[in-house]
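Below you'll find the structure, written out as structure tokens, and then a few comments.
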Amino acid sequence: MTHSTLLMTDVDSANLARGHIRDSAGEAVLSAIYPYNRPHAASSTLHSNLNDMLRWAAANLRKGELDGHRIVSIAAVDRMWAMAYDRTTEFAERARRAGRPMRYSQSGKASAGGHLCWMAWTW
């Protein structure tokens, strides 16, 4: 990943995608606030480009191999993909209270739907 960083000082601000908010007339406008929080950099402030992110996804899908080379050990891949904490029951209860059905996997176990679903449920 040659165009990725966790340091805001390394980012060309002209290349940043910025968030939008609604103004008093309901129109979408650029937010004056850029949500950068250095203490949370490892979990939420990766600045990257599409090519780097696609290569990272490819390495994950190939279990740590990229361009014919192992760049992440099998042990590290196993740890990255291991469930750290199963919140399926908690999400199912939130969905029930909100009147939204939980999706179920082929095994019949409730599915939290991955990272994007987790973000949607953190209200």
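Summary table below
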read-out	value
Shape category assigned to the stretch 42-84 from the gyration tensor of Cα positions, a/c cut at 1.5	oblate
Asn60-Asn15 pseudo-label distance in nm [points 7 Å out on the Cα-to-Cβ vector]	2.1 nm
3J(HN,Hα) from dihedral phi, the stretch 81-88, Karplus parametrisation 6.51/-1.76/1.60, rounded to Hz, x for glycine, proline	8, 6, 6, 7, 7, 8, 9, 4
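Since every read-out is calculated from the coordinates, none of them should be taken as a lab result. All of these numbers come straight from a predicted model, not from anything done at the bench. Positions of Cβ are backbone-derived with ideal geometry, glycine not excepted, and every protein chain shown enters the neighbour counts.
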